[in-house]
Amino acid sequence: MIQFTYKVRDHAGDLATGNIAAASAEEAAQMLRSEGKFIVKIEQAKRAAAAAIESKAQAVQGGIGGRVKRRDVITFAHQMAVMIDTGVPISEALECAAEQINSEAFQAVIKDVTEQVHAGGALSLALSQHPKVFPPVMVSLIQASEASGTMGKMLDRVSTYMQKEAATVKKIRGALTYPAVMLLMVIGVTVFLLTFVLPRFAGIYTSKGAALPLPTQALMTLSDTLTHFWYGWTAGLVLLIVGFMVGRRTLAGRRLLDRLKLSLPVIGPLFRKLYITRSCRTMGTMIDAGVPILDMVAIVRAVTANVYFEDLWDNVDEKLRQGSQLSDGLLGSPLIPRSVCQMIFSGEKAGRLGSIMERIAEFTEDEFDDAVKNATQFIEPAMITVMGLIIGFVAISMLLPIFNVGKVVSG
């Protein structure tokens, strides 16, 4: 994106100046005209000025006090909706919202947005300068409301949308946290037994020359490997973590991880329903707001966060540009249930695609909730069983020699 400086007049003839980011001067002029501005002058910012603007944006975007939490953004959207609905001007509403924010990082962002709005910029454009804080869905919905004059209603819809998204993410994290914690406990307890307890325990038999049972011998071999070659295990673990962090940033690594997310038993259906619910909710919200369908597809592609779903929406985008309907690009995909495709097709035929998408989102969200409950009910006993088997095997292997302890100690 290129930074441009502009000088424009509004409908009242008042002069305003500011900065705008666009791919070209023509695109920047079009964005300003769409906001009802009459262009007096527009030119590319000087390199030093552009660098300063970009540096400022990055500093504010990163936040003075750290990362901006999503619940702060949800509260901000709700407060703005209430104030604008009661007739408070946008600039005053922003100033009031900034005073109520406790987070220094988010307060810095809102102050920057307020400055841009005071300079004559559109709210959606000011929010788009902070993509790490305000999601693309929020920016697009506000941009649509600026053209239709429904800012308060749209901000309330944005708040509701983000609340549902946050609740969905919380559910999937809750479903995955329990098995992860249990797995770490199993690994931690096992390593503790093998490296600290078992060597001291087996020393009794080694000093007496007693032959250890086969399970105990196997555990002792593993224990010796862990204790005497700890540097190798540590280096391997570090390499594994670094490899994972680097690999997940490559396309091949993302495809592997995303394939695992969709194909793993129990966990796979959860992620699949999560992506479908998120996609349908986003589409329903944006279609009802009047967002163009191609823009909507681009945003839905971004919120799914899975390579295979991104490929699906790329295919849908291509078919839409060729004149096909939305359902044509989804029909036949193994990622989308046929029942969902049929409902989308029916919504297109009836001219009620937005409301149909909302109903599909509610339906798939109910299915997602049931899937989370079922997964949790299955994972808990499964992890307890696995943990019991591993620790039980270690404990039995340690106790087997005790049955002969009297014989060993006496002789």
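What follows is calculated from the coordinates using simple rules that are stated; it is not laboratory data. No experiment lies behind these values; they were computed from the predicted model shown. Positions of Cβ are backbone-derived with ideal geometry, glycine not excepted, and every protein chain shown enters the neighbour counts.
Tabulated results
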{"read-out": "Label-point separation in nm, Ala167 to Lys153, each point 7 Å along Cα→Cβ", "value": "2.3"}
{"read-out": "Residue pairs, from the table Lys170/Lys261; Lys164/Lys349; Lys69/Lys170, whose Cα atoms sit over 20 Å apart", "value": "Lys164/Lys349"}
{"read-out": "The chain: DSSP helices with Cα axial extent of at least 27 Å and average Kyte-Doolittle hydropathy no lower than 0.5", "value": "151-192, 353-399"}
{"read-out": "Convex hull projection area averaged over all views, the stretch 294-411, Cα basis, nm²", "value": "11.5"}
{"read-out": "The chain, helix-only ellipticity at 222 nm - DSSP H runs n ≥ 4, -39,500 (n - 2.57), divided by all residues, nearest 500", "value": "-24500 deg cm²/dmol"}
{"read-out": "Efficiency of FRET between Lys69 and Leu400 - r from beta-carbon atoms, R0 45 angstrom, step 0.05", "value": "0.25"}
{"read-out": "Candidate lysines for bridging to Lys41, where Cα separation is under 29 Å - those fewer than 8 sequence places away on the same chain excluded", "value": "Lys7, Lys56, Lys111"}
{"read-out": "Average Cα contact separation per residue, the chain, under 8 Å, 6 or more apart, as relative contact order %", "value": "14"}
{"read-out": "Cα-centre dipole for the stretch 107-166 with unit charges at Cβ (Lys and Arg positive, Asp and Glu negative), debye to 20", "value": "140"}
{"read-out": "Kirkwood Rh, Cα atoms: Rg over Rh of the stretch 58-185", "value": "1.05"}
{"read-out": "Gain upon complete extension [Phe363, Ala16; 0.36 nm per residue less C-alpha separation]", "value": "120.1 nm"}
{"read-out": "Extension gain (nm, one decimal) between Arg249 and Ala350, 0.36 nm per residue minus Cα-Cα", "value": "32.1 nm"}
{"read-out": "Two-decimal Rg to Rh for the stretch 133-189 - Kirkwood Rh, Cα set", "value": "1.34"}
{"read-out": "Rg followed by Dmax, in Å, when the chain is reduced to its Cα trace", "value": "29.2, 106"}
{"read-out": "Extension gain, Arg259 back to Arg33 (0.36 nm per residue minus Cα-Cα distance, nm)", "value": "76.9 nm"}
